[in-house]
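The values are calculated or read from the model by the stated rules, or taken from the named source; none is laboratory data. Quick caveat: nothing in here was measured; it's all calculated off a predicted structure. Methodologically, a virtual Cβ is constructed for each residue, glycine included, from the backbone with ideal geometry; neighbour enumeration extends over all protein chains shown.
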Amino acid sequence: MTPAACHLIFRLEGVVTQTFEGALFSVVAGSTAVADPKARLAVRDLASAMRSGKLDWTGLCSRAALILGVREDGSSLGERILNSLRVDAGIEELLISINGVLDSWLFCEIDGNDIVSAMERLGIERCIPRTRWLFSSEDRQRLRVDVPRELIAAIAERVKAPRETLLWIDDRPRVTAALIRAGMNAVVFVDAFRLQRNLVLRGLLQ
């Protein structure tokens, strides 16, 4: 790929911000259940259900509150979690530096109605224009990373580019591997420095 013909798809959580589970555990750090591996696994299962469209954001937060013993309704807890999100300083710097050089898109696995105000507060638009924000729930058929071929086709259609020009950036090795097997370029995100080095090695940055 050449820089002019490459479209980077950044996952919001785990790349641009912390994961929603991570933000939740930080917000309710006072709960003794946070240290319980079974409780943490149950919350992660809930997050997976939300990403696949089986549970909405408020429903996830309501059930997580019960699991973690937090006396708070789902709407209130959800608001606190989204307000705690922060943009990774390194990735923000990288995104700003590649504006006008590489075509960047953002993929979010939470309904836009719930997350957009938090994204506005974070100033995501400074890094990636709003017209390039992709939400897994925005199409009639939900965009799911666990159905990689359908996801790739949908993203390519939205970006209006061949799939071989797409580069998916995700912190989850399992998801990245599945997308690669399905024919998409993808890279596991560890930190901004290593991502920048990867882009240099691919010939996309100098």
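So, GLU92, is that one under 30 Å from GLY59 (Cβ atoms), among the charged types (D, E, K, R) and either at pLDDT below 90 or out of contact with any Lys or Arg (no Cβ under 6 Å at 6 or more places or on another chain) (or both) or not? Against the criterion (under 30 Å from GLY59 (Cβ atoms), among the charged types (D, E, K, R) and either at pLDDT below 90 or out of contact with any Lys or Arg (no Cβ under 6 Å at 6 or more places or on another chain) (or both)), GLU92 does not qualify.
Could you list all residues from the stretch 120-136 that are touching a residue at least 60 places away in the same chain (Cβ under 8 Å) and not in a strand (DSSP E or B)? Selection gives LEU122, ILE124, CYS127, ILE128, SER136. Restricting attention to the stretch 42-55 and to residues that are touching a residue at least 24 places away in the same chain (Cβ under 8 Å) and more than 14 Å from THR19 (Cβ to Cβ), the residue that is nearest to the chain's Cα centre (by Cα) turns out to be SER52.
Going through (1) touching a helix residue (DSSP H, G or I) at 6+ places or on another chain (Cβ under 6 Å); (2) assigned to a helix (DSSP H, G or I); (3) of a type in the set (A, V, I, L, M) one by one, LEU55 falls short only on (2). Of all residues in the stretch 33-47, those satisfying the criterion of being part of a helix (DSSP H, G or I) and charged (D, E, K, R) are LYS38, ARG40, ARG44, ASP45.
Across the stretch 145-160, a minimum of one residue is classified as aliphatic (A, V, I, L, M) and part of a loop (DSSP other than H, G, I, E, B). Flag not set for SER62, criterion: among the polar types (S, T, N, Q), surrounded by fewer than 18 Cβ atoms within 10 Å (Cβ to Cβ) and on the phi < 0 side of the Ramachandran plot.
Count of the stretch 173-206 residues, restricted to those that are modelled with pLDDT under 95, within 20 Å of ILE152 (Cβ to Cβ) and assigned to a loop (DSSP other than H, G, I, E, B), is 5.
Rundown of residues vs (1) of a type in the set (D, E, K, R); (2) within 27 Å of LYS54 (Cβ to Cβ); (3) out of contact with any His (no Cβ under 6 Å at 6 or more places or on another chain); (4) buried (at least 17 other Cβ atoms within 10 Å of the Cβ), yes/no style:
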{"site": "ASP103", "(1), (2), (3), (4)": "yes, no, no, yes"}
{"site": "ASP111", "(1), (2), (3), (4)": "yes, yes, yes, yes"}
{"site": "ASP114", "(1), (2), (3), (4)": "yes, yes, yes, yes"}
{"site": "ALA118", "(1), (2), (3), (4)": "no, yes, yes, yes"}
{"site": "ILE124", "(1), (2), (3), (4)": "no, yes, yes, yes"}
{"site": "TRP133", "(1), (2), (3), (4)": "no, yes, yes, yes"}
{"site": "VAL147", "(1), (2), (3), (4)": "no, yes, yes, no"}
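Report whether or not ARG181 is under 22 Å from SER48 (Cβ atoms), surrounded by fewer than 20 Cβ atoms within 10 Å (Cβ to Cβ) and over 18 Å from the mean Cα position of the chain (by Cα). Yes.
One line per residue, one yes/no per condition, for (1) more than 26 Å from LEU143 (Cβ to Cβ); (2) among the β-branched types (Val, Ile, Thr); (3) free of Cβ contacts under 8 Å to residues at least 24 places away in the same chain:
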residue: VAL34; (1), (2), (3): yes, yes, no
residue: ARG40; (1), (2), (3): yes, no, yes
residue: GLY59; (1), (2), (3): no, no, yes
residue: LEU82; (1), (2), (3): no, no, no
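Within the stretch 79-119, the residues that satisfy the criterion of being of a type in the set (A, V, I, L, M), within 20 Å of GLU21 (Cβ to Cβ) and touching a helix residue (DSSP H, G or I) at 6+ places or on another chain (Cβ under 7 Å) are ILE81, LEU82, LEU85, VAL87, ILE91, LEU106, ILE110, ILE115, ALA118.
In a residue-by-residue description of the stretch 119-134, the property of being over 26 Å from TRP57 (Cα atoms) and either among the hydrophobic types (A, V, I, L, M, F, W, C) or not assigned by TED's automatic domain parsing to the domain that holds LEU77 (or both) applies to no position.
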